[in-house]
Amino acid sequence: MFPSGQLVKSEELKQKPLEVVNSLKEKTFTGYVSFTVKNENGIHDFTVALIKGETVGAFHESFKTKQLTHGDEALVKTTGYENAAGFYDVVQLSEEQVQLALAVRPESEVKQREKHSDAKENKPREGNKESNNGKEETVVASSEEILNKYGLSSLAETQ
Amino acid sequence: MNTINNSSNRDSRVIAIASGKGGTGKTSIAVNLSLALAASGKKTTVVDGDVTMASTGIMLGLKRSPITIHNVLMGECTVAEATYDIARGLKVVPAGLSLERIKRLDFDKFKTAITELKQSNDFVIIDCAPGLEKDAMAALTSAEEVILVLNPEPTSLADALKVKALAERNGVKLSGVITNMRMGEKTEIRNEELEKLLGCRVVASIPFDPHAKKASTSQTPAFTKFPKSDFTAGITQAMTFLITGKVTGKAKKGIVRKIFESISTMFKK
């Protein structure tokens, strides 16, 4: 699902997957962590995507039942596996790469976003703000004021 | 070889790329966006709707096009016979270069041609003529949606507002705006202002990029020739919007190719 990024860590799972995810949240990590674990119910593959420590996407596959779940439902599943053996990979991506991957597979998007409570907020950009996903506030004049500003007030009738 | 994509498609979209004003980079964007869509696995045909100033085929490096949209509009052939394979699954219906028969063109046939193309494509992209003459109106009203291309300055905005008004009066939905050739000057119209006036999202904001001109002069689309350029990054943004409906952050230089390759792979799954 994700483009190739920078492999940060690839090791045996010695803690709960949830603890791995939480540690990435603390670090305001952007990218994904992919787990392959085995328990009494067989082998499971699941991935959690994060942007600046916020869980934004997830999917889960059970090889035994061939069940594939996405989004919030998949994220819930990752909180289990307390005694599972397995491996995990942590791969760093840019925010745009994660967003793009989720845009292509929107069913994997997590609606109930969670981030670590200590995660630092980015400072808002200053100056003219380009249109983005709507997370920054920008004061915009009314249509009439904008038309007047650019000498196009006679076009108000087209509005 | 004259061909047509051979698959039925109920979800096909017909999108006009329009601006009102000439010189906004509309044809470059229409051509490269079409190529990006085709490369991502979408069956795409781009139609040159500028029948008096043909440019789409030229920009794609189409060397020979004996049958064009002109012949279709004179009732001499079907649109399938005027469709040419380009590369990566993109097809083009070019316009003719001759001025001799322009007066005999029946623009009412344009919509019929587009309807035929719609049946076998995921996307039909119409590169509209500038202005609001018959050819431009025929192209605009044959579409279901329009994406406005404009430069962030008042004259371009003025013309775009007129196109928007005409589109809405003819039941063509304004799906998004692409700003092109941003220079980063403080006097340029901001994207938020454009969104307020035009009532829709700026789906891609493309800075001034000399690669776009170089590509045009070499008759090789920037998407192919300069995949890491700012222009191609903007095209990728627009493509992502058309496919997913989401406006994404600007892709950084250098990762556009990686992302694109991933998208191509994903769509093939």
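Every number here is computed from the coordinates shown, using simple stated rules; none is lab data. Not measured: the values here are computed from a predicted model. Glycine gets a Cβ as well: all are built from the backbone with ideal geometry, and neighbour counts include every protein chain shown.
Rounded to the nearest 0.05, what FRET efficiency do B:Asn170 and A:Ser153 have when you use their Cβ-Cβ distance and R0 = 22 Å?
E(calc), rounded to 0.05, equals 0.30.
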- line: Counting only residues 5 or more apart in sequence or on a different chain, those whose built amide H sits under 5 Å from that of B:Phe208 are B:Met181, B:Arg182, B:Met183
- prompt: Under the definition of partner shielding as Cβ atoms of other protein chains within 10 Å of a residue Cβ, what is the mean value for peptide A:140-150?
  reply: 4
Scattering profile of region B:3-159 at q = 0.20 Å⁻¹ [log10 I(q)/I(0), Debye over alpha-carbon scatterers]: -1.27
Neighbour-count order for A:Tyr32, A:Tyr81, fewest beta carbons within 10 angstrom listed first: A:Tyr81, A:Tyr32
- prompt: Based on the Cβ-Cβ distance of B:Thr220 and A:Glu12, what FRET efficiency does E = 1/(1 + (r/R0)^6) give at R0 = 56 Å, to the nearest 0.05?
  reply: 0.70
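Can you give the FRET efficiency for B:Met53 and A:Glu144, using 1/(1 + (r/R0)^6), R0 = 35 Å, r = Cβ-Cβ distance, to the nearest 0.05?
Step by step, r from the Cβ atoms, then E = 0.50.
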message: Need one number: nm distance between label points at A:Glu19 and B:Leu97, each 7 Å from Cα along Cα→Cβ, rounded to one decimal.
response: 7.2 nm
message: With an 8 Å Cα cut-off and a minimum separation of 6 or more residues, compute the relative contact order for region B:39-97 in percent.
response: 49 percent
task: May I ask you to derive the relative contact order of chain B, considering only C-alpha pairs under 8 Å and at least 6 residues apart, and to give it as an integer percent?
output: 23 percent
query: On full extension of the chain, what length is gained from A:Asp89 through A:Asp45, given 0.36 nm per residue of separation minus the C-alpha to C-alpha distance?
result: 14.7 nm
field: Per-peptide average of other Cβ atoms within 10 Å, ordering B:172-180, A:60-68 highest first
entry: B:172-180, A:60-68
field: Under Karplus coefficients 6.51, -1.76 and 1.60, residue-wise ³J(HN,Hα) of region A:149-155 in Hz, glycine/proline x
entry: 4, 9, x, 10, 4, 5, 8
query: On average, how many beta carbons from a partner chain sit within 10 Å of the beta carbon of a residue in B:157-163?
result: 3
- prompt: For region A:26-35, in order, what is each residue's ³J(HN,Hα) by Karplus, 6.51 cos²θ - 1.76 cosθ + 1.60 with θ = phi - 60°, in whole Hz (x at glycine and Pro)?
  reply: 4, 8, 6, 6, 10, x, 8, 10, 10, 10
